[in-house]
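Okay, so here's the structure we're looking at.
The values are calculated or read from the model by the stated rules, or taken from the named source; none is laboratory data. All values derive from a computational prediction rather than experimental measurement. Using ideal geometry, Cβ is built from the backbone for each residue, glycine included, and neighbour counts are taken over all protein chains shown.
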Amino acid sequence: METEPLVFVGIDWATAAHQVCLTGTGNPVQRSFPHDAGGIGAMVDWLCSQAERPEQIAVGIETPHGPVVEALMDRGIAMFAINPKQLDRFRDRLSPAGAKDDRRDALVLASSLRTDRHCFHRVATLDPVVVELREWSRMAEELKRERGRLTNRIRQQLWRYYPQVLELADDPGADWVLALWDTAPTPAQAARLTEKTVASVLAAHRIRRVTAAEALAFFKRPALTVAPGTTEAAKAHIATITKRLRLVNRQIKDVSRHIEILLGQLAEPWSEPGQEDEPSDAAILRSTPGVGTIVVATLLAEAPQAVRERNH
């Protein structure tokens with residue numbers, strides 16, 4: 001830091017109110033501020049009034065993002081984050097009690113920042129594109145998990161009465177597999193399928209790795225003997241899941257397209273004044289064989305310090 005801090009602050013973040021402990025100007029001072037625009041604004045004004053310049057204030061916090069961090073950094077206050085496990089060790093120095101105490105946690109953050117700043121990491125201002133990329137990459141991960149849950153439920157139902165579909169494809173949640181299932185949702189209907197019908201479904205989804213004859217051969221395999229009502233129940237269950245799964249499949253494609261746009265912005269070359277353009281970190285990662293779009297987005301979003309400023 002260019003300016004050595006004179007005031008050390010610890011903020012115990014919460015959903016309803018934030019506990020703030022200020023040290024360095026005498027005895028520790030504790031205050032609580034509600035989590036709303038007025039409360040956060042009052043907290044920032046109070047902290048800025050404790051020093052001649054905002055650069056003289058250092059704030060320790062567990063969560064390195066959110067409106068509290070952004071409001072303080074916008075005023076030029078230095079923010080430092082710490083791993084919760086590391087904070088537990090500092091907490092033991094003040095009290096062996098394990099009960100949750102917001103005031104004590106705020107004091108621990110402030111005092112440990114003053115004595116052991118090397119255990120914290122400085123929160124850097126993020127490129128706006130990286131902020132967006134971080135959120136879109138999280139959406140992609142959430143959708144991926146949701147898709148996995150829905151696909152597993154379809155796999156379980158197909159295993160009950162219609163394992164031929166599982167033998168046809170490793171991913172029963174793929175749109176083309178769902179389309180074939182719509183065409184013949186039971187083994188009895190699959191027995192009446194024609195190669196022309198299957199070929200039209202495969203062509204509509206641009207599937208070439210499986211031919212219509214191969215797919216039809218799977219569907220016409222001998223059916224399982226199941227208890228009366230099993231086929232109807234499993235079919236109804238799958239029908240409700242496929243509606244959600246198709247939506248998730250579309251959302252995954254939309255998110256991937258948006259991530260590609262953001263990566264394209266980050267991949268623009270940059271240069272120091274008077275030097276030739278150099279490829280950005282995003283461009284280097286995207287050009288690495290075997291590294292997919294989501295992996296690149298996750299790396300850049302979770303380690304934004306690796307992203308060079310595009311307008312250096």
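Structure notes:
- Checking each residue in the range 133-152 for being of a type in the set (D, E, K, R) and buried (at least 18 other Cβ atoms within 10 Å of the Cβ) picks out R134, R147.
- Residue count, the range 108-129 (criterion: in a helix (DSSP H, G or I), hydrophobic (A, V, I, L, M, F, W, C) and surrounded by fewer than 17 Cβ atoms within 10 Å (Cβ to Cβ)): 1
- When each of V20, V9, V59, V68 is tested for being part of a helix (DSSP H, G or I) and either surrounded by 14 or more Cβ atoms within 10 Å (Cβ to Cβ) or in contact with a Leu (Cβ under 7 Å, 6 or more places away or on another chain) (or both), the lone residue that passes is V68.
- Within the range 75-105, being touching a residue at least 24 places away in the same chain (Cβ under 8 Å) and either among the hydroxyl-bearing types (S, T, Y) or touching a Ser or Thr at 6+ places or on another chain (Cβ under 9 Å) (or both) holds for A78, A81, I82, Q86, L87, F90, D102, R103.
- Some residue of the range 24-31 being aliphatic (A, V, I, L, M), closer than 15 Å to A106 by Cβ and surrounded by 16 or more Cβ atoms within 10 Å (Cβ to Cβ): no
- For the range 121-152, a tally of residues being under 26 Å from D175 (Cα atoms) and among the aliphatic types (A, V, I, L, M) returns 4.
- If the condition is being in a loop (DSSP other than H, G, I, E, B) and touching a helix residue (DSSP H, G or I) at 6+ places or on another chain (Cβ under 6 Å), then the range 182-196 contributes A184, P185, T186, L193.
- Selection status of L143, part of a helix (DSSP H, G or I), out of contact with any strand residue (DSSP E or B) (no Cβ under 8 Å at 6 or more places or on another chain) and closer than 27 Å to P222 by Cα: no
A quick yes/no check of all residues on (1) in the same structural domain as H205 (by TED's automatic domain parsing); (2) over 23 Å from the mean Cα position of the chain (by Cα); (3) at negative phi; (4) not charged (D, E, K, R):
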position: A106; (1), (2), (3), (4): no, yes, yes, yes
position: T115; (1), (2), (3), (4): no, yes, yes, yes
position: L143; (1), (2), (3), (4): no, no, yes, yes
position: R155; (1), (2), (3), (4): no, yes, yes, no
position: L168; (1), (2), (3), (4): yes, yes, yes, yes
position: G173; (1), (2), (3), (4): yes, no, yes, yes
position: T183; (1), (2), (3), (4): yes, yes, yes, yes
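- With a requirement of 1 or more residues that are out of contact with any helix residue (DSSP H, G or I) (no Cβ under 9 Å at 6 or more places or on another chain) and modelled with pLDDT of 70 or more, the helices (runs of 4 or more DSSP H) lying completely within the range 223-312 that satisfy it span 230-266.
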